[in-house]
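Below is one structure; the comments refer to it alone.
The values are calculated or read from the model by the stated rules, or taken from the named source; none is laboratory data. Every value quoted in this text rests on a predicted model; they were computed, and no experiment measured them. Note that we place each Cβ from the backbone using ideal geometry, even for glycine, and neighbour counts take in every protein chain shown.
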Amino acid sequence: MDFGFSEEQEMLRQSARALLEKECPSTVVRKLMEDERGFDPALWKKMAELGWLGLVIPEEYGGGGLSYVDLVLIMEEMGRVVLPSPFIWTMMVAEAIKRAGSDNHKLSLLPKIASGELIATVAYLEPSAVWSADGVAMTARSEGAGYILEGTKLFVNDGHIADCILVAARTGGSGNRGITLFALERKRAGIDVTRLTTMDQTRKLSEVKFSGVKVDAADVVGEAGSGWSTLSEVIDRGKVMMAGEMMGGAQKVLDMTVDYAKVRVQFGRPIGSFQAVQHKCANMMIDVEGAKSAAYYASWAVSNEVTEAPLAAALAKAAVSDAFRRVSAEGIQLHGGIGFTWDHDMHLYFKRAKSSEFTFGDANWNRELVAQGINL
């Protein structure tokens, strides 16, 4: 394992930072928070032209064929600017199609994802709010050569704009068995999407109801009844992308706070000269550096399909969730009164930290997965 990044990877990071700082300053983020779509189609197109949307898609389907180590560098830069985007969820669907989709799925969906023509999302969390296979209760009842879907999915990211929804439903059995994945057009008859009001306005969440939705065998991704194996691997990679985004946000909060401590004068001297403030900044830096180590290792683990990849992804999600929450909270405190105002950007990071913390399970949930994985 190489603990450094190559020259090409550093160039990728710098080009991503240059584009996002130019195209997505906080003024744009605030406009997108009020926008019904919740993302910038023009920026999405530029991301596709740069190859970001196809970064981990095989070359034969129009992608770059690179790894999650490369992808996490871009995620880090997205986190620095709190980018409102359906990127993570679209990449998760691409991963599912890449791993388990039919030749027709791969040919029809992957090139469109890579080119930016198709936005996708994943719908599997339900009112039970359980992130494991046990939480999937939505039914897919057999009817002829196909199925009828009945049920509700909650907190579906960008469900209102997605062209394709990857749905997990139960075709029989319990636990890990009997879960089937379906790739469906959002506008299919019987699918009703309702926007939800959320704390983090940079993420648009929806409730998606399925009422008598007819699907056939061509809509099934992978083998019927064996979808959890694919979905769990996709979720692991979602955790890695989320961890990369969160550590980018945490690093930006640290940078903003240190810069502020250098110029904010109190009692005739910069507040950064006070030992108490220095200690807090030092603790923030330790959190950020620890988060980076966990996220980078997890990206290497899933890229190389090592045995402990699920544990690395869960550990990274837990570690970075804790770090981003603490760092953003301390950042607000060290900014003082201005940090609590709507006009300052600190609240954007604090809310993103909180919403990201609970996506794919909070830190306690993921630490439990690690404990189970090592038989504790």
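If I ask for residues that are surrounded by fewer than 19 Cβ atoms within 10 Å (Cβ to Cβ) and within 32 Å of the chain's Cα centre (by Cα), which ones from segment 230-276 would you list? Listed by number, the residues that qualify are SER232, ASP255, MET256, VAL258, ASP259. Contact map, segment 52-81: residues that are on the phi > 0 side of the Ramachandran plot paired with residues that are modelled with pLDDT of 95 or more and in a helix (DSSP H, G or I), Cβ distance under 9 Å, separation 6+ or inter-chain. Pairs shown: GLY62/LEU110; GLY62/PRO111; GLY62/LYS112; GLY62/ILE113; GLY62/ALA114; GLY62/SER115; GLY65/GLU59.
Among the criteria (1) part of a helix (DSSP H, G or I); (2) farther than 17 Å from THR180 by Cβ; (3) not assigned by TED's automatic domain parsing to the domain that holds GLY51, the one LYS98 does not fulfil is (3). If the condition is being of a type in the set (Val, Ile, Thr) and either in contact with an Asp or Glu (Cβ under 8 Å, 6 or more places away or on another chain) or not assigned by TED's automatic domain parsing to the domain that holds GLY190 (or both), then segment 123-152 contributes VAL136, THR139, THR152. Quick check, is ASP200 within 26 Å of the chain's Cα centre (by Cα), surrounded by fewer than 22 Cβ atoms within 10 Å (Cβ to Cβ), modelled with pLDDT of 95 or more and not assigned by TED's automatic domain parsing to the domain that holds GLU357? No.
When the residues of segment 1-57 are filtered to those that are farther than 24 Å from LYS204 by Cα and among the aromatic types (Phe, Trp, Tyr), the one that is surrounded by the most Cβ atoms within 10 Å (Cβ to Cβ) is PHE5.
Among the residues of segment 309-329, which ones are touching a residue at least 60 places away in the same chain (Cβ under 8 Å) and under 19 Å from ASP200 (Cβ atoms)? Within segment 309-329, LYS317, VAL320, SER321, ALA323, PHE324, VAL327, SER328 meet the criteria.
Taken over segment 1-29, the criterion of being over 13 Å from LEU43 (Cα atoms) and in contact with a helix residue (DSSP H, G or I) (Cβ under 8 Å, 6 or more places away or on another chain) is satisfied by MET1, PHE5, GLN9, LEU12, ARG13, ARG17, SER26.
Residue pairs whose Cβ atoms lie under 6 Å apart, separated by 6 or more positions or on different chains, with the first residue in segment 259-275 and within 17 Å of ASP345 (Cβ to Cβ) and the second not hydroxyl-bearing (Ser, Thr, Tyr), are TYR260/HIS335; ALA261/ILE271; ALA261/GLY272; ALA261/VAL277; ARG264/ILE271.
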